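**Student:** Dropping a structure here in structure tokens format, bear with me for questions.
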Amino acid sequence: MSVVRLHEVTIDCTDVVREARFWSGLLGGEPSEPMPGWLRLAPSGAGAPMVNFQPVPEPKRGKTRVHLDLLAEDLEAATAWVIRLGGRPTGERHAYDEGTVAVFTDPEGVEFCIVAYRDAPEGASAPSETGQQE
């Protein structure tokens, strides 16, 4: 039995509105303001964490040491969606027996991955283009 569980993920950013808009486009939901200057996305599904956008004065420097992995059924469609929302593919892709992982950055350069399994693990369902679980 675990004494803790993942509750929230917080992304530091210089432009909170732009970051929240980008991630809202990927994950769905409307940002709310939990405290002045911050924005938050509600969990995208049961057991999922909230995503916070914390204002900071300095831009991102260096590689992100912790990143989000997002699930997609169609990696090419997900790539096009990320680009439409203002993110960028890094060109880094890893092909494994179970599927492919592609690395992207959000508008402020925060790295994240999109995972496309050949056969989705039990209980995993990818979101649609609106960010809602199917």
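We did not get these values from a lab; they are worked out from the coordinates using the rules stated. Small disclaimer: the values here were computed from a predicted structure and weren't measured. Every residue, glycine as well, gets a Cβ built from its backbone with ideal geometry; the counts of neighbours run over all protein chains shown.
**Student:** Which cross-chain or sequence-distant (5 or more) residues have an amide H under 5 Å from the amide H of residue 99, H modelled 1.01 Å from N in plane?
**Tutor:** HN-HN under 5 Å from residue 99: 118.
**Student:** What is the spin-label model distance, in nm, from residue 103 to residue 118 if the labels are put 7 Å beyond Cα along the C-beta direction?
**Tutor:** 2.4
**Student:** Additional query: Compute the whole-percent fraction of alpha carbon pairs in the chain spaced more than 27 Å apart.
**Tutor:** Working: 1625 of 8911 pairs.
Percent of Cα pairs beyond 27 Å in the chain: 18.
**Student:** Report, in deg cm²/dmol and to the nearest 500, the calculated mean residue ellipticity at 222 nm for the chain, where each DSSP H run with n ≥ 4 adds -39500 (n - 2.57) and the sum is divided by the residue count. Can you show the working numbers first?
**Tutor:** Details: 2 runs with 23 residues, N = 134.
For the chain, the value works out to -5500 deg cm²/dmol.
**Student:** Distance from the Cα centre of region 71-100 to that of region 27-63, in angstrom?
**Tutor:** A separation of 21 Å, based on Cα centres.
**Student:** Between residue 17 and residue 77, what length comes free when the chain is fully extended (0.36 nm per residue of separation minus the Cα-Cα distance, one decimal in nm)? Spell out each step's value before the answer.
**Tutor:** Details: separation 60, 0.36 × 60 = 21.60 nm, distance 2.47 nm.
Gain in length upon complete extension: 19.1 nm.
**Student:** Separate question: Against the empirical 2.2 N^0.38 Å scaling, what ratio does the C-alpha Rg of region 1-59 come to? Present the calculation step by step, with values, prior to reporting the outcome.
**Tutor:** On the way: Rg = 12.1 Å, N = 59, 2.2 N^0.38 = 10.4 Å.
That works out to 1.17 for region 1-59.
**Student:** Calculate the dipole size of the chain relative to its Cα centre from +1 charges on Lys and Arg beta carbons and -1 charges on Asp and Glu beta carbons; express the result in debye to the nearest 20.
**Tutor:** Numbers: 12 positive and 21 negative charges, 91 e Å.
The dipole of the chain has a size of about 440 debye.
**Student:** I would also like to ask the following. Could you work out how much longer the chain between residue 48 and residue 5 gets when fully extended? Use 0.36 nm per residue separation minus the Cα distance between them, nm to one decimal.
**Tutor:** 14.5 nm
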